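Shown next, in structure tokens, is the structure this report addresses.
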Amino acid sequence: MNYKRLYILVLLLNFTLAHAQSDFKVTYKKRVLPEYFQISDSVSDVKKSRYLKVRNSVKRNIGKFKYTLQIDTESNISEFKVIETMSVDGNERFNNNLKGMLGGRFPIYNHLKKDSVFENADFRGKIYFTSYKSPRYKWRLTKKTKDILGFKCYLAVTEESTDKTVIFNFQKDKKEAFHAWYAPSLPAKYGPSFFTGLPGLVLQAGNKKMEIYALDIKNVSNVEVEFPDKKSITEEQKNKQLKALIGR
Amino acid sequence: MNQLFKIFLLILIPLTSFPQTHELEGKIQDSLQNGIPNTNIIATPLDTDDEITFSISDQKGRYRLILSEHSRYLVEITHLGFKKISDTIQISEDQTQNFTLQESTESLEEVLIRQEMAVIVKEDTITYRTDQFKTGEERKLRDVLKKLPGVEVDREGNVKVNGKSVTKLMVDGKTFFTGDEKLGVNNIPADAVDEVEALDNYNDVAFLKGLEDSDKMALNIKLKDGKKKFAFGDVEAGAGIENRYLLHPKLFYYSPKTAVNLIGDFNNVGQKSFTVQDYLDFEGGFGLALEDPSTYFNLYSDEFAQFLREDEFTYSKNDFAAASLYQDLGRNFSLDAYSIFNKGKLRTKTVQDISYQSSSQADEFRNNTGQNDLLFSINKIKLRYDNMDNVDLRANTTIKYNDGESQSNLSSLVQNNEEFVNTNNQPRQLEFTQTLNLNTQFSYKHTTKAEITFKHSESNNNRLWDFNEALFTDIMPLVVEDDSFQLEQDHTTKLNNIKLNAKHYWVLADFHHIYPVAGFNYFNTEFNTLDRQILNDGSINSFEDAGFNNRLDFSLLDAYVGFQYKTQIDDLVLRPGLVVHNYNWNVAQFSNEIANENKMMLLPEFFAEYEFNSSKKIKLEYNRYSNFSKISQFANRLRLQSFNQLYRGNSELENQIYNRIRLNYRNFNMFRGLIYFINLSYSHREQSIRNLTEIDGIDQISTSIYTDLPENTYSISGNINKRISDYRLSFGTNFSFSDYSRIINNETLDYQNNNYGYNLKVQTRYDEWPNLEVGFRHSFSELSSENSTNEFMRITPFAILEYDFFEDFIFKFNYDYNYFENQSTNNINRFEIAESSLFYSKEDSAWGFEIQATNLFDVSFKRENSVNEFIVADRRIFLQPRTILFKLIYKL
């Protein structure tokens, strides 16, 4: 009997068994927050009711989209994208906007080995495969905790946080105030959309006006993410190309 | 000597007391010596009445101030999140001074730089208190904006704040008239402006968000209390040789709840200052194009828009006035109304050489001159209700009225026999339409759209014909008294129509939707015609016994129900549908029922669309259509349509049915500036209402029949548009082939009509050089039957030039050339038309001057050729002679 062969076989089996069921699939949805309905006093009453009407429509419809985050722990890449549905006649443009809020209209890949997040956008006839360094925002970890779906989560806020309304007006590096709740007991650096690079899986994140939140988390086996085999461009290059598009 | 010295001193003193200025610059940094961008540095002179100077630090935290020498300034430096620094400074030479800001532990929502500071920074808004920056000579908002730091205004009125373009202008939080920011920038009076707010403007398209909101913004102009009502506008007045005149005032009145726009145009040069674009703006402009595209595009082709495009006259005098009003009624209601009124006089002249397809008939030469006096008015009121909820309610009321009188003199010459017909036509029409639109979204699974329309219209047309020859002697029982005959014709139509349409959008599942639809369309019409002869003594010779005169009552109820089912497989969307119509109609003539029918109709439809990617799409559509044509075609008694056309309707007509299938492929690659599309379509008529004609010489007697005579049309069209740096090229082509049959003199004749052509256009978009749009169209058309073939070819090049030079001059030139060849007879004709103008106005001046010339080459007529089953006509349409006008424009 070839014990050596058997030994290797058992080892292999152990290896694969141990790594079975080690991938994750998280489902997310978006929702608006109360601040979304704050409108500047400069706006007249008639305009205000029109803006509020649009925002109510967003509130009513944003929940119809579901997003999945599939984590492939073997290649250390995750894919975040919307679950496609069919839009009601005439609503295509509105739906594209809803999907775009906080990201998710186009697939987003989190490539841990490259320390980058990639967005694969097919927009008005051109593909913009853009890379951003991960984490995309400067996070400041706080001690606040809460439970989400049974996991203990900690709050992280972007450096220019809501505690200190420091807003750089009209400059290109205008920073929005983001928040994110991450669970250290779940795979680190992954999260929905561009909310990545934190020491735990992000289950809830957003800005003052809306947030993306996890509905459920599943342990699955053999998630295979196909990372696009394309050359990527930087954010500055993408902005330059978009400016050329809308400028003329 | 003393005197001279005094004068010398007097000259010197002002020279020496010119304040010397020096630069104070440096860096604003934090405790780590990092530059702090966008810090506000204000220097207020303490000893003099000099202006307050202001600087905002750049990306690296650097600032620069220009200060007067030996003057003391209070320099205050503030930034959100940091403690304010105040310092007194006096400089005698260029100096560098850095400031270090300490972080503040308080959280600040608002930073007040000074009690009555010139600038306030809050959240996403910069507010400028303009009084601090005005010097008193400013006339309009643009003059004030130019004085604000960081703000640039160009010649046309485009504004940039800190390098970012302003794309929206609001006044006291509301859109200003059409929303075009140049209108406000160039016209709001400077003394009414209190504060100017620059607001971050977020872009709708989330994908462009990070890019857009750092690049664009909105300006909100806050008006001073007591100055919230103002008027502005401009007046154009012109005069030319031969008593030509033009007066064109354009006035705007603005108040917090009301915005009124008045346009007047009084001229006798045939110019229409109120353009089709102005008409579309009155109707809602771009906003309407986005909300209700089909209504918007129907406006292009309605009668009023056609009138606005009318340019075939020898003389035209118009008194035109239009007013549009916007009123905020409070409690979520707003009102948009407009009123258009025109009184005009038109003179036309057309000469035609007509040859008849039937070889036995000799050619006819027709000369037609007309004088029209018309009066019309269109009034529309739109009420809109917007509340926070999911209900969108709109009500539109339209009232159209026109009244006119036209006198036309026609002479028809056939082989030495000349026939004269003089017609006096008096049309009058009143139309009232009320529409109600409702749009409700209950949840994302259920949305309902409903529309109900009510229309009432009345029209009357009274005609008096005077002619020198008896017409249709076999049919019309004319009494011969001498060699002139007078006929009176009276047509009256009354219509009441109620239409209801409801569609429900139901999301059954992610990829399965069902859209049920139901509604009805009810018509109740009256159509009366009267043809009779007026004898020399004024008595009447009735033709009623000869089969003339109609008193028709027609009612139709079209009730329908149906649905569309939408599904998606990968990137392919499919939407089949079916609608069932039930038609019920009733026709009575002189109160005797002549038709009473009931009919069911099944109208299937199919739609498929495949999206290759975000720029490429292919679409397939199939529809079966059914419609009832004009009710006047049911009027089965005789009536005279023109001096050589008699018509009798048919009470047994039914609905026309045709099928159409269309394929469309398009590629909209905005990035490469390339757009192209191809359309293919095929339509087949199953049942149609066609004319059955008997020709006798140049006289035609026709009736309508309901027939299944075959009729097929195939068409292909394509277009490519490409942008290459400063040029835009466009190339298009179209082909259409149709075969059909007509019954003439009891014989069924088959026809083939083919048309093809292509066009090419190049447009330039230079900033410095003249801008040119050049192109041409080359087309061929062919109409053939067993008896005859007619082939035409036409080339029409054109050029439009616009040149802005020496900053204040604008030169424009339009040229159209027309070459036409009848390839069957080898007749060629050509004509060319040109227009030009030169405009001068100094920037910031209220005055402008213009010389304008229309019909530069003094062309007498333009030529047109047309062909149908009966005739080939070569028409010469006479035009207004060359007109030169000198215009003066004053801006209020």
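Quick notes on this one:
- Cβ pairs under 6 Å, 6+ apart, first in the stretch B:757-770 and hydrophobic (A, V, I, L, M, F, W, C), second modelled with pLDDT under 85: none
- Restricting attention to the stretch B:143-169, the residues that are among the hydrophobic types (A, V, I, L, M, F, W, C), at pLDDT 80 or above and touching an Asp or Glu at 6+ places or on another chain (Cβ under 9 Å) total 6.
- Enumeration of residues in the stretch B:389-422 that are assigned to a strand (DSSP E or B), within 14 Å of chain A (Cβ to nearest Cβ), more than 16 Å from B:Tyr338 (Cβ to Cβ) and not aliphatic (A, V, I, L, M): B:Asp392
The rows are residues; the columns are (1) among the aliphatic types (A, V, I, L, M); (2) part of a strand (DSSP E or B).
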position: A:Arg55; (1), (2): no, no
position: A:Val58; (1), (2): yes, no
position: A:Lys64; (1), (2): no, no
position: A:Thr68; (1), (2): no, yes
position: A:Met86; (1), (2): yes, no
position: A:Val117; (1), (2): yes, yes
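- Of note, A:Gly63 does not satisfy the criterion of being of a type in the set (Gly, Ala, Ser), buried (at least 17 other Cβ atoms within 10 Å of the Cβ) and within 11 Å of chain B (Cβ to nearest Cβ).
- Per-region count, the stretch B:844-873, residues in a strand (DSSP E or B) and either touching a Lys or Arg at 6+ places or on another chain (Cβ under 9 Å) or closer than 30 Å to B:Pro249 by Cβ (or both): 15
- Among the residues of the stretch B:677-736, just one is free of Cβ contacts under 8 Å to residues at least 12 places away in the same chain and more than 20 Å from B:Glu869 (Cβ to Cβ), namely B:Ser725.
- The residue of the stretch B:431-474 that is surrounded by the most Cβ atoms within 10 Å (Cβ to Cβ), among those that are acidic (Asp, Glu) and not in a strand (DSSP E or B), is B:Glu469.
- For B:Glu76, the conditions (1) modelled with pLDDT of 85 or more; (2) in a strand (DSSP E or B) all hold with the exception of (1).
- Flag set for B:Asn496, criterion: in contact (Cβ under 8 Å) with a residue 40 or more places away in the chain and more than 14 Å from chain A (Cβ to nearest Cβ).
- If only residues of the stretch A:81-109 that are of a type in the set (Phe, Trp, Tyr) and within 11 Å of the chain's Cα centre (by Cα) are counted, the one that is farthest from the other protein chains (Cβ to nearest Cβ) is A:Tyr109.
- Out of B:Tyr583, B:Tyr515, one residue alone is aromatic (Phe, Trp, Tyr) and within 34 Å of the chain's Cα centre (by Cα). It is B:Tyr515.
- Residues satisfying the stated conditions in the stretch B:509-540, i.e. surrounded by 15 or more Cβ atoms within 10 Å (Cβ to Cβ) and either of a type in the set (S, T, N, Q) or farther than 23 Å from B:Leu602 by Cβ (or both): B:Asn521, B:Asn524, B:Thr525, B:Glu526, B:Phe527, B:Asn528, B:Thr529, B:Leu530, B:Asp531, B:Arg532, B:Gln533, B:Ile534
- Residues of the stretch B:164-176 that turn out to be assigned to a loop (DSSP other than H, G, I, E, B) and facing another protein chain (nearest Cβ under 9 Å), as a count: 2
- Residue within the stretch B:627-641 that is without any contact (Cβ under 8 Å) to a residue 24 or more places away in the chain and either surrounded by 16 or more Cβ atoms within 10 Å (Cβ to Cβ) or outside any loop (DSSP other than H, G, I, E, B) (or both) present: yes
- Subset of the stretch B:329-344 (residues that are buried (at least 17 other Cβ atoms within 10 Å of the Cβ) and either free of Cβ contacts under 8 Å to residues at least 12 places away in the same chain or on the phi > 0 side of the Ramachandran plot (or both)): B:Asn332
- Taking residues in the stretch B:507-536 that are within 12 Å of chain A (Cβ to nearest Cβ), and partners anywhere that are β-branched (Val, Ile, Thr), the pairs with Cβ atoms closer than 6 Å and at least 6 places apart or on different chains are B:Leu508/B:Ile514; B:Asp510/A:Thr85; B:Phe511/B:Thr567; B:His512/B:Thr567; B:His513/B:Val507.
- Extreme residue, farthest from the other protein chains (Cβ to nearest Cβ), among residues of the stretch A:191-248 that are among the charged types (D, E, K, R) and part of a strand (DSSP E or B): A:Lys218
- Among (1) in a helix (DSSP H, G or I); (2) within 8 Å of chain B (Cβ to nearest Cβ) - the single one A:Asp122 does not satisfy: (1)
- One residue from A:Arg136, A:Arg124 being under 15 Å from the mean Cα position of the chain (by Cα), modelled with pLDDT under 90 and basic (Lys, Arg): A:Arg136
- Candidate set from the stretch B:664-692 (those that are modelled with pLDDT of 90 or more and of a type in the set (Val, Ile, Thr)); member that is surrounded by the fewest Cβ atoms within 10 Å (Cβ to Cβ): B:Ile678
- Taken as a whole, the condition of being assigned to a strand (DSSP E or B) and either within 14 Å of chain A (Cβ to nearest Cβ) or farther than 30 Å from B:Asp265 by Cβ (or both) does not apply to B:Leu346.
- Meets criteria (more than 11 Å from chain A (Cβ to nearest Cβ) and modelled with pLDDT of 70 or more) for B:Gly136: yes
The rows are residues; the columns are (1) at pLDDT 85 or above; (2) loosely packed, with under 12 Cβ neighbours inside 10 Å.
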| site | (1), (2) |
| --- | --- |
| A:Ile8 | no, yes |
| A:Leu11 | no, yes |
| A:Asn14 | no, yes |
| A:Leu17 | no, yes |
| A:Phe24 | yes, no |
| A:Lys29 | yes, no |
| A:Pro34 | yes, yes |
| A:Ser40 | no, no |
| A:Lys48 | no, no |
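- Residue in the stretch B:740-749 that is polar (S, T, N, Q), within 30 Å of B:Leu413 (Cβ to Cβ), modelled with pLDDT under 90 and assigned by TED's automatic domain parsing to the domain that holds B:Asn814 present: yes
Conditions tested, residue by residue: (1) within 29 Å of the chain's Cα centre (by Cα); (2) surrounded by 15 or more Cβ atoms within 10 Å (Cβ to Cβ).
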site: B:Tyr766; (1), (2): yes, no
site: B:Trp769; (1), (2): yes, no
site: B:Phe776; (1), (2): yes, yes
site: B:Thr789; (1), (2): no, no
site: B:Leu801; (1), (2): yes, yes
site: B:Asp804; (1), (2): yes, yes
site: B:Phe820; (1), (2): no, yes
site: B:Asn827; (1), (2): no, no
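- Residue list for the stretch B:465-479, restricted to those being within 20 Å of B:Leu530 (Cα to Cα) and either out of contact with any Ser or Thr (no Cβ under 7 Å at 6 or more places or on another chain) or of a type in the set (Lys, Arg) (or both): B:Phe467, B:Ala470, B:Leu471, B:Phe472, B:Thr473, B:Asp474, B:Ile475, B:Met476, B:Pro477, B:Leu478, B:Val479
The values are calculated or read from the model by the stated rules, or taken from the named source; none is laboratory data. Here the structure is a predicted model, which means the values were calculated and not measured. Note: ideal-geometry Cβ built from the backbone for every residue, glycine included; neighbour counts use all protein chains shown.
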